[in-house]
Amino acid sequence: MKIVSAIFLAAIQLANAQSPIYGQCGGQGWNGATTCASGSVCTFSNPYYSQCLPGSASSSTASTSPTTTTTATAPSQTSNGSGLPFLGGVNTAGYDFSVATDGSFNGTGVTPPVGQFSHFASQGVNIFRIPFAWQLMSPTLGGTISSSFFSRYDSTVQSALSTGAYVILDLHNYARWNGQVINQGGPTNAQFASLWSQVAQKYASNKKIIFGVMNEPHDLPQGTALWAASVQAAVNAIRAAGATSQVILIPGSSYASAQALPTEAGPDLLKVTDPAGGVGKLVFDVHKYLDSDNSGTHPDCTTDNVSVLQTLVAWLKQNGNRQALLSETGGGNTASCETSLKSELAYVKANSASIVGFTAWAAGAFATNYTLSLTPNSDGSDQPLWIQAIKPNLP
């Protein structure tokens, strides 16, 4: 009798539960709450997904279909996970050197020392992020990618892959080309997609490649919905090129801020679909530094970001158990950063079902006196931050 009563009580509690703002509240196959917290309205997105969005109603019940009859053709938006193991690694910068935050570029790039890949992999690193400038890969907007640069870049990628690690191909242009925002007065979605179509063709058969469609979008003049449409164009192009098994990293606004994602670009990015099916392999790309203004330009750290990441994890769970990857974080080689970064990465590792890994900023072609340098010293020894904070949290 106690068992029956407990089940009955649980059913009542489930029926009376409310989804939080930005939580799921309906869709085909949805068995959770169908009413929303005060201040939000259950809003139909597609036959598979309704979401609590800010609005005036105090409680709204979802429908699994719109008011007009439609035929469901979109893939299910339930996440089955990315299939990735827990990932821990480092950015190996160089091909992005001189890319400004307005997306302009006037350099030639610097090849990261390939010996770093085996150096870090021997300590447990299983992922490298290799940034590149759009203008190096495709000198003409929307044109054919440069065979000479691709050969150079691919040589670096292959060196990283040879360790058995995953590799993030990171387009490092801040959602811009020479000052103009993609799909918002600058490059068209077709021009953006053209780059990813060509790059994806080159790596379509390699499951260890992760496509990082754009580094740190920011200050989007016409909003995040248009940015989500640009992301969708890149995703479609990658899949159409035959790269159907790889993870794609999709970044939000405010420099891909982990803190801003749930309330800024996140609701729009949740609508991005994967032609390959599901959304498990669409992983949110987030960044978070630990200095006073979250810029990653100061040697001292003032936070471990755990509270921010707790909010992010809650949001990911509320939205179909989606996943994120912390592709930039770091600090100076100081006592405050050794403590705070170690705490942050320990949280990431403990919550790897939601945040699948991290790549710390940065090694590669950076000099050892760079503020956030993780570049090994000439004698092969590592930086204090690497030893104290990062290495203990590798897979």
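In Å, the Kirkwood hydrodynamic radius of the stretch 162-279 over pairs of distinct alpha carbons?
Evaluated over the stretch 162-279, this radius sits at 14.3 Å.
By how many nm would the segment from Ser292 to Ala353 grow when fully extended, if each residue of separation counts as 0.36 nm and the alpha-carbon distance is taken off?
Full extension from Ser292 to Ala353 adds 19.1 nm.
Give me the 1.4 Å probe accessible area per residue for the stretch 211-275, excluding ligands and nucleic acids, in Å².
Computed with neighbouring chains in place, this is 28 Å² per residue.
Per the Kirkwood formula on distinct C-alpha pairs, the Rh of the stretch 269-346 is how many angstrom?
The Cα-based Kirkwood calculation yields 13.8 Å.
Using only the Cα atoms of the stretch 70-216, build the gyration tensor, take square roots of its eigenvalues as a ≥ b ≥ c, and label the shape rounded, prolate or oblate: rounded if a/c is under 1.5, else prolate if a/b is larger than b/c, else oblate.
oblate
Cβ under 14 Å from Ser295's Cβ, Ser295 left aside: what net charge do those residues give with Lys, Arg +1 and Asp, Glu -1?
-4
Using amide H atoms built 1.01 Å from N in the peptide plane, name the residues 5+ places from Ser40, or on other chains, whose amide H lies under 5 Å from its own.
Residues meeting the criterion, in which the H sits 1.01 Å from N, are Gly55.
For Pro384, what is the net charge nearby, where nearby means another residue's Cβ is under 11 Å from its Cβ and Lys, Arg count +1, Asp, Glu -1?
Here the count lands on -1.
State whether the stretch 319-394 is rounded, prolate or oblate according to the following rule on the C-alpha gyration tensor (a ≥ b ≥ c being the square roots of its eigenvalues): a/c under 1.5 gives rounded; otherwise a/b larger than b/c gives prolate, and the remaining case gives oblate.
Since a/c reaches 1.5 and a/b is larger than b/c, the shape of the stretch 319-394 is classed as prolate.
Would you work out what percent of the accessible area of the stretch 87-393, with all protein chains in place, is carbon or sulfur (probe 1.4 Å)?
Within the stretch 87-393, the accessible surface is 49 percent carbon and sulfur.
What does the charge count near His218 come to, summing +1 for each Lys or Arg and -1 for each Asp or Glu among other residues with Cβ under 12 Å from its Cβ?
Neighbour charge sum, excluding His218 itself: -3.
Once amide H atoms are built 1.01 Å from N in the peptide plane, which residues 5 or more positions from Ala93, or in another chain, come under 5 Å H to H?
Residues meeting the amide H criterion: Ala363, Gly364, Ala365, Phe366.
List the lysines whose alpha-carbon lies under 26 Å from that of Lys391, not counting same-chain residues fewer than 8 positions away?
Qualifying lysines at Cα under 26 Å: Lys207, Lys208, Lys288, Lys342, Lys349.
Under 5 Å between amide hydrogens, which residues at least 5 positions from Ser327 or on another chain qualify, with H placed 1.01 Å from N in the peptide plane?
Residues meeting the amide H criterion: Val286, Thr359.
At a 10 angstrom cut-off on C-beta neighbours, averaged per residue, how do the peptides 288-295, 187-194, 320-327, 221-228 rank from highest to lowest?
Top of the packing list down: 320-327, 187-194, 288-295, 221-228.
In 20 Å bins starting at 0, how do the alpha-carbon pair distances of the stretch 87-393 split up by percent?
With a bin width of 20 Å, the distribution comes to 37, 61, 3.
If I take every Cα pair under 8 Å that is 6 or more residues apart in the stretch 87-393, average their sequence separation and divide by the length, what percent do I get for the relative contact order?
17 percent
The values are calculated or read from the model by the stated rules, or taken from the named source; none is laboratory data. Treat the numbers as computed from the prediction; the structure is a model and nothing was measured. Here Cβ is always computed from backbone atoms with ideal geometry, including for glycine, and neighbour counts include all displayed protein chains. Remember, those area values only see protein heavy atoms, side chains included, never the ligands or the DNA or RNA. Shrake-Rupley method; radii C 1.70, N 1.55, O 1.52, S 1.80 Å.
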